[in-house]
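Engineer: Dropping the structure in here first, questions after.
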Amino acid sequence: MTSPDVLDSYAPVVAEWYSANARDLPWRRAGTTPWGVLVSEVMLQQTPVVRVAPAWHEWLARWPTPAALAADQPGEAIRAWGRLGYPRRALRLHECAVAITERHGGVVPSVLDELLALPGVGTYTARAVAAFAYGQRHPVVDTNVRRVAARAVLGEPDAGPTTTAADLTLVESLLPLEPPLAALVSAALMELGAVVCVARTPRCGVCPLAERCRWLISGAPAPVGPTRRPQTYAGTDRQVRGKLLAVLRESHGPVAKDALDAVWGDQVQRERALAGLLEDGLVVTPAPGIYALP
DNA sequence: TATACGTGGTG
DNA sequence: TCACCAAGTAT
């Protein structure tokens, strides 16, 4: 257990550090709309900042409002998604735009439960939008924040694999009472995890929390067990799906089956991947043997 | 709770 | 080289 006094000491230190060290990211600039924030948050789900920035500018220039995106075809969103990965996010963002236009008069909702009800918006993204677009006080817990909290507060080498209720409670206890300041601290915790308290080789020498980091103070012990993860992308259905969708993305119109057949040798796996794309609504088949983006 | 879901950079 | 990692969500 950590005393309230100690928990209260993190926020001002992190806030001050952030004020002097925050990266100048496009979606953080004054004038960014809640829609711009939402688009950035979805794009940043599992995709690094450097790859998101150009796509974000293109999207916001082309679809400055939810209504603008909702009026376009979902396939255009998928095409404009480019190579950000996990293209179902583009589809969900389009569904989001439709929902916001139909249910919320074209205004990105500010109420947490209403944000959570949007397609593709989960625990993290809903709180991020509420905090960063609307200045509300919510724990915004992503992989960076969980790592910072695990190390600095709990003294553990790393965080667990997924966000738990305990994570939200812990981070909430670190936030100052005043909503706009709490939102700033939330951004600061994420930034610290993204550029200083990084996963592989943390830069403890420049960390503002070094003197109160329980993990560092205890000697920065390495993680214990073999943290296995089922990875390896080559040869997976995901890779095949990616290749199939790339053909459709780069085509201006529908393509014949032959064009898709050319991207992967194993017919069984290829058909399975294509069936999955159809199932997910990422691909449609307007006529037998013809495929297109929705 | 475990698994599926893209893509590219890096130590 | 290759396993790990990057602002998660849905099922």
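The values are calculated or read from the model by the stated rules, or taken from the named source; none is laboratory data. Quick caveat: nothing in here was measured; it's all calculated off a predicted structure. So basically every Cβ, Gly included, is an ideal-geometry build from the backbone, and we count neighbours across all protein chains shown. With ligands, DNA and RNA removed, areas are computed over all heavy atoms of the protein, side chains included. Shrake-Rupley method; radii C 1.70, N 1.55, O 1.52, S 1.80 Å.
Engineer: What is the Å³ per residue value for the convex hull set by the Cα atoms of segment A:1-57?
Structural biologist: Working: hull volume 7.6 nm³, N = 57.
Spelled out: Cα convex hull of segment A:1-57, divided by residues, is 133 Å³.
Engineer: Could you work out the percent of alpha carbon pairs in segment A:237-292 separated by over 18 Å, rounded to a whole number?
Structural biologist: 18
Engineer: Under the Kirkwood approximation applied to all pairs of distinct alpha-carbon atoms, what is the hydrodynamic radius of segment A:181-257 in Å?
Structural biologist: Values: mean 1/r = 0.0584 Å⁻¹.
Its Kirkwood hydrodynamic radius stands at 17.1 Å.
Engineer: Work out the length of the dipole vector of chain A about its Cα centre, built from +1 on the beta-carbon of each Lys and Arg and -1 on the beta-carbon of each Asp and Glu, and round it to the nearest 20 debye.
Structural biologist: About 680 debye.
Engineer: Going from most exposed to least, what order do A:Ser40, A:Ser251 have by accessible area with a 1.4 Å probe? Please report the intermediate quantities before stating the final value.
Structural biologist: On the way: A:Ser40 0, A:Ser251 25 Å².
From most exposed to least exposed: A:Ser251, A:Ser40.
Engineer: Further, regarding this structure: Stokes-Einstein diffusion coefficient for chain A at 10 °C in a medium of 1.306 mPa s, Rh from the Kirkwood formula over Cα pairs: what value in µm²/s? Kindly include the intermediate steps, with their values, before the conclusion.
Structural biologist: Numbers: Rh = 21.0 Å.
Stokes-Einstein gives a translational diffusion coefficient of 76 µm²/s.
Engineer: Show the residues, 5+ positions off or on another chain, whose built amide H is closer than 5 Å to the amide H of A:Gly106.
Structural biologist: A:Thr101
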